[in-house]
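Chemist: Below you'll find the structure I mean.
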Amino acid sequence: MEKFLSLIKKDKQIIEDRLNLVYKNENEFEKMCAYSFSVGGKRIRAILLLEAYKSYKEVCDLALDFSIAIELIHNYSLVHDDLPEMDDDKFRRGVLSVYGKFGQSNAVLVGDELLNNANLIMVKAIKSLENIDEIKNALSSSEIILNSSGINGMIYGQFLDLENKIESLNDIEIINSLKTGELFKASILAGAKLAGAGDKDLICLENYAKSLGLVFQLQDDLFDFDEDIRLNKKTFATILGKTEVEEKIEKLNKFAFEEINKISGKKEFFVNFIDFMKKRTY
């Protein structure tokens, strides 16, 4: 696990260094945009995309560009989540959010720019390619990312969450799958597709990603259990109870392990990632 954690740390630093090049801070608005991802973050989605690519090919600028794109999309969603009409949160990770520091209107614009720039980064990366198969894979990869972050994924999940019409566990699972799970899944599938992974591997990777995406949410429910009980909030944990959720996590982890061991690409990182998730405390 020590070797794995070292790899995570190395990947994260590569992502951070690349993010620092996105905006040059030449004007106030660029400084606001750069601030949005300078206040911390685990960069898990970017790392997953990078490692999925590395399961099939050596890392290159193309993979790094797509990793940055998905990180910008994730951060745009956080910027908009903090707005008054959404979570109304002036703080994120213990410091002022973009909304808290620069105001509501600027936060809307910063989020818009992050999403726009993510698309632009992918387009430029694809334009730099010459091999037709690489171009097709990159287009498919960008489609996976954009499909998972739009009306078929994250954005629609946020809409359903705001509607606040949760009546069953199925409602909770649908919202969580769309709002959180889709971009988590897209990170792995986009990285693998970008590297030319075959359809059989992509199916196994999708099953793996869906399982761990749900594990991520179930863990969050356990972390927030006492507060959610106080607020009478419906989650997997408050409805099923802690014990049943913990059992569900074990089954999902077992299934994820089985699926990842079916792929033809390198699998060590993703096997270790299951254990990494088990030890997650926040």
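Chemist: Within region 97-118, identify whether any single residue is out of contact with any His (no Cβ under 6 Å at 6 or more places or on another chain), of a type outside the set (Val, Ile, Thr) and at positive phi, and answer yes or no. It would help to see each step written out before you state the result.
Modeler: Our first condition is that a residue be out of contact with any His (no Cβ under 6 Å at 6 or more places or on another chain); within region 97-118, this holds for 97-110, 112-118.
Keeping just the survivors that are of a type outside the set (Val, Ile, Thr) gives 97, 99-107, 109, 112-118.
Going one step further and asking which of them are at positive phi, we end up with 103.
So far as region 97-118 goes, yes, one or more of its residues are out of contact with any His (no Cβ under 6 Å at 6 or more places or on another chain), of a type outside the set (Val, Ile, Thr) and at positive phi.
Chemist: Report, ordered by the first and then the second residue, all pairs with beta carbons closer than 7 Å, sequence separation of six or more or different chains, a first member in region 1-24 that is over 13 Å from Glu51 (Cβ atoms), and a second member that is hydrophobic (A, V, I, L, M, F, W, C) and in a loop (DSSP other than H, G, I, E, B).
Modeler: Leu19/Phe37
Chemist: Further, regarding this structure: Every residue in region 1-35 that is surrounded by 14 or more Cβ atoms within 10 Å (Cβ to Cβ) and among the basic types (Lys, Arg), please. Walk me through it before giving the result.
Modeler: Residues of region 1-35 surrounded by 14 or more Cβ atoms within 10 Å (Cβ to Cβ): 4, 7-8, 11-12, 14-16, 18-19, 22-23, 29-35.
Lys12, Arg18, Lys31, listed by residue number.
Chemist: Take region 229-282 and flag every residue that is of a type in the set (D, E, K, R), surrounded by 14 or more Cβ atoms within 10 Å (Cβ to Cβ), over 22 Å from Leu202 (Cβ atoms) and modelled with pLDDT of 90 or more.
Modeler: Glu246, Lys248
Chemist: Is there a residue in region 153-161 that is assigned to a helix (DSSP H, G or I), within 20 Å of Leu48 (Cβ to Cβ) and among the small types (Gly, Ala, Ser)?
Modeler: Looking for residues that are assigned to a helix (DSSP H, G or I), within 20 Å of Leu48 (Cβ to Cβ) and among the small types (Gly, Ala, Ser), one finds at least one in region 153-161, hence yes.
The values are calculated or read from the model by the stated rules, or taken from the named source; none is laboratory data. Only a predicted model underlies this, so the values are computations on that prediction, with no experimental measurement involved. Every residue, glycine as well, gets a Cβ built from its backbone with ideal geometry; the counts of neighbours run over all protein chains shown.
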